[in-house]
Amino acid sequence: MKRWTEARPQGARRGGFTLLEVLAAVAILGIWFSVLASIAIQGQRSEGENERRARASLIADRALLELELGFAQNDFPGESVDQFEEDEFLIEVESMPLANLDLVDMDEAFVALLQGDLAGLTVDFQAVRVNVKWTEGHEEKSVTRLTYAWDSTRLAEALEKADAENGGAGGSQGGDGDEGGLGELGGRSP
């Protein structure tokens, strides 16, 4: 049997792509799609982490608000540690005397007040820390809020006593219109 061959001039090429060119194009597209897929997965993961952090922040803020509302109604916290769960979050509320708290963690103006005008007073200054924890993969994450509370009635009495002992010099700093309630100075940390 006779084969039919096409007569073509030497060096002339037929139209279309060779198998090698098609394989190279498929490989380049595969790499490109892999990179895009990894970026999309990383974006999804990051969005999930940010959503959980935002929810934890809202839970911490809500717990702190409830505590501060209690302070306003003379519900002064004693030294305690309470834990409870909400969804996948563990909420820990710790109330401690300021003497147990490292002053490095506090607001500079508040530290100056404690070490200056209020030094030596027998008022129960409390630090209240709200810590919300959750697990992110193999890592534990947390959001912390910190506030300070004191019984303003006892503070006013201590300031008046200190003023009387000093012969009235300096004036009383307890008359701020918050008679008989609890004072609170927020020192929140992100």
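The values are calculated or read from the model by the stated rules, or taken from the named source; none is laboratory data. Keep in mind that this is a model prediction, so the values were computed, not measured. We place every Cβ from the backbone using ideal geometry, glycine too, and count neighbours over all the protein chains shown.
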Could you figure out which of (1) farther than 30 Å from GLU49 by Cα; (2) loosely packed, with under 12 Cβ neighbours inside 10 Å; (3) at pLDDT below 75 isn't true of VAL104?
(1)
If you check GLU85 against the conditions, is it out of contact with any helix residue (DSSP H, G or I) (no Cβ under 8 Å at 6 or more places or on another chain) and surrounded by 16 or more Cβ atoms within 10 Å (Cβ to Cβ)?
no
Of the conditions (1) modelled with pLDDT under 60; (2) under 30 Å from ILE59 (Cβ atoms); (3) surrounded by fewer than 19 Cβ atoms within 10 Å (Cβ to Cβ), LEU182 clears all except one; give me its number.
(3)
Matching residues in segment 58-72 (over 19 Å from THR144 (Cβ atoms) and in contact (Cβ under 8 Å) with a residue 24 or more places away in the chain) number 1
I need every pair where a residue in segment 86-106 that is under 20 Å from PHE76 (Cβ atoms) and of a type in the set (S, T, N, Q) has its Cβ under 7 Å from the Cβ of a residue that is assigned to a strand (DSSP E or B) and at pLDDT 85 or above, sequence separation at least 6 or different chains.
SER95/VAL128
Could you tell me whether ALA54 is out of contact with any strand residue (DSSP E or B) (no Cβ under 6 Å at 6 or more places or on another chain) and of a type in the set (A, V, I, L, M)?
yes
Please work out if VAL111 is part of a helix (DSSP H, G or I) and modelled with pLDDT under 70.
yes
Restricted to segment 50-79 and to residues being touching a Lys or Arg at 6+ places or on another chain (Cβ under 8 Å) and among the charged types (D, E, K, R), the residue surrounded by the most Cβ atoms within 10 Å (Cβ to Cβ) is ARG52
Complete set of residues in segment 38-89 that are of a type in the set (Asp, Glu), part of a strand (DSSP E or B) and either closer than 16 Å to LYS141 by Cα or within 18 Å of the chain's Cα centre (by Cα) (or both):
GLU85, GLU86
